[in-house]
1. Quick one: in the range 1-28, of everything that is surrounded by 16 or more Cβ atoms within 10 Å (Cβ to Cβ) and touching a Gly at 6+ places or on another chain (Cβ under 9 Å), which residue is farthest from Arg54 (Cα to Cα)?
2. Restricting to the range 1-57, what's the tally of residues that are within 16 Å of Gln70 (Cβ to Cβ), of a type in the set (D, E, K, R) and in a loop (DSSP other than H, G, I, E, B)?
3. Residues being at positive phi and of a type in the set (S, T, N, Q): count how many of those fall in the range 60-84.
4. Please work out which residue is farthest from Ser4 (Cα to Cα), limiting yourself to the range 29-80 and to residues that are touching a Phe, Trp or Tyr at 6+ places or on another chain (Cβ under 9 Å) and among the aliphatic types (A, V, I, L, M).
Amino acid sequence: MRLSSIDAPELPGHCRPGRECTPDDPYASTANLQSLVSGQAVECRQIDTDHYGRAVARCSAKGRDLSCAQVQGGFAVKRYGSLSC
């Protein structure tokens, strides 16, 4: 599953040649997302399927949109559609 409307930093070796990947620390991005959902019920609504066959979803924990939280914390960038936070 992929969070909708954002792009997070790629783990080492995961950025395809020729692709402009999101900069910054992928481990910090992952840790932030883990802290947002730790011990929380997460609600997701699939809104699309990407070209890799992954579900693209809007997800929230404690009423907070996870895509918005990742962008607002500097752990991802807006991309792939609209994001209203």
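1. The extreme case among them is Ser5.
2. 3
3. 0
4. Filtering first and then ranking leaves Ala31.
Laboratory data are not the source of any read-out in this text; all were calculated from the coordinates shown. Only a predicted model underlies this, so the values are computations on that prediction, with no experimental measurement involved. Neighbour counts are summed over all protein chains in view; Cβ atoms, including those assigned to glycine, are modelled from backbone coordinates with ideal geometry.
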